[in-house]
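Here is the structure we will look at.
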Amino acid sequence: MRRFWASLGSLVFFILAPGTILGFVPWWLTRWRIGPPFFGIEPLRWVGGALIVLGLLPLLSSFARFAWDGLGTPAPIAPPTNLVVTGFYRRVRNPIYVALVIILLGEALLFGDERVAEWAVLFWLFVFAAVVIYEEPTLREQFGEEYRTYCTNVPRWVPKFIPYKPSH
């Protein structure tokens with residue numbers, strides 16, 4: 001039953017957080033109108049579409065991992081009880097944030113709108129600060145040595161090629 005509530009909470013948070021970051025804000029900026037392609041290069045739209053699809057896989061997978069492996073949600077009000085070190089978390093410590101930025105950059109290319117690219121940069125700066133100031137200290141306190149070992153072996157932002165294999 002706990003996984004059910006964690007899954008439901010993750011779904012609600014997914015609708016609210018990524019829905020706002022990837023849906024409402026870009027819509028507010030673009031009204032989903034497609035502008036001229038960046039640098040006049042039409043194939044950049046295809047690159048944008050590919051980035052959106054590429055970012056969806058770790059985003060959806062990571063939300064599911066919070067519910068199924070962590071028995072919680074990505075939302076600070078209902079955090080996981082287990083440290084999530086499976087799936088894309090074996091390659092990068094913040095796959096949700098990385099995926100969101102990749103998708104935003106894809107939307108910027110697709111719509112040909114530099115304001116969405118600027119939103120991606122502002123979002124990443126905010127997330128960087130939140131991770132360093134709040135998330136990492138909270139996780140160190142909650143999970144102790146397990147999290148410290150994880151941080152030593154998994155990079156914060158740039159995914160590593162060879163996945164981390166926890167010893168437990």
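Could you run through the range 34-81 and say how many residues are in contact (Cβ under 8 Å) with a residue 60 or more places away in the chain and either of a type in the set (Asp, Glu) or over 16 Å from Leu139 (Cα atoms) (or both)?
Adding up the residues that qualify gives 12.
Looking only at the range 78-92, filter to residues that are β-branched (Val, Ile, Thr) and out of contact with any Asp or Glu (no Cβ under 6 Å at 6 or more places or on another chain); which one of those is nearest to Tyr147 (Cα to Cα)?
Our first condition is that a residue be β-branched (Val, Ile, Thr); within the range 78-92, this holds for 81, 84-86, 92.
With out of contact with any Asp or Glu (no Cβ under 6 Å at 6 or more places or on another chain) added as a condition, the list becomes 81, 85, 92.
Details: Thr81: 13, Val85: 9, Val92: 13 Å.
Once the filter is applied, the top-ranked residue is Val85.
Test Val101 against the stated conditions and say whether it is under 15 Å from the mean Cα position of the chain (by Cα), within 30 Å of Pro166 (Cα to Cα), of a type in the set (A, V, I, L, M) and part of a loop (DSSP other than H, G, I, E, B).
no
Can you go through Pro80, Pro95, Pro74 and tell me which one is surrounded by 20 or more Cβ atoms within 10 Å (Cβ to Cβ) and more than 15 Å from the chain's Cα centre (by Cα)?
Pro80
Which condition number in (1) over 16 Å from the mean Cα position of the chain (by Cα); (2) modelled with pLDDT of 95 or more is the one that Val127 fails?
(1)
Inspect the range 48-67 for any residue being in contact with a helix residue (DSSP H, G or I) (Cβ under 7 Å, 6 or more places away or on another chain), closer than 13 Å to Trp5 by Cα and among the β-branched types (Val, Ile, Thr) and give the result as yes or no.
Looking through the range 48-67, none of the residues is in contact with a helix residue (DSSP H, G or I) (Cβ under 7 Å, 6 or more places away or on another chain), closer than 13 Å to Trp5 by Cα and among the β-branched types (Val, Ile, Thr).
Quick one: count up the residues across the range 84-95 that are assigned to a helix (DSSP H, G or I) and in contact (Cβ under 8 Å) with a residue 60 or more places away in the chain.
4
If a residue has to be among the small types (Gly, Ala, Ser) and within 21 Å of Trp119 (Cβ to Cβ) to count, how many in the range 1-42 make the cut?
Matching residues across the range 1-42 total 4.
Can you tell me which condition Val131 does not meet? The list is (1) over 22 Å from Arg45 (Cα atoms); (2) in a helix (DSSP H, G or I); (3) among the aliphatic types (A, V, I, L, M); (4) out of contact with any helix residue (DSSP H, G or I) (no Cβ under 8 Å at 6 or more places or on another chain), and all the others hold.
Failing condition for Val131: (4).
In the range 23-40, how many are small (Gly, Ala, Ser) and at positive phi?
1
The values are calculated or read from the model by the stated rules, or taken from the named source; none is laboratory data. It should be emphasised that the depicted structure is a prediction, and the values quoted were computed from it without experimental measurement. Reconstructed Cβ throughout: ideal geometry from the backbone, glycine too, with neighbour counts over all protein chains shown.
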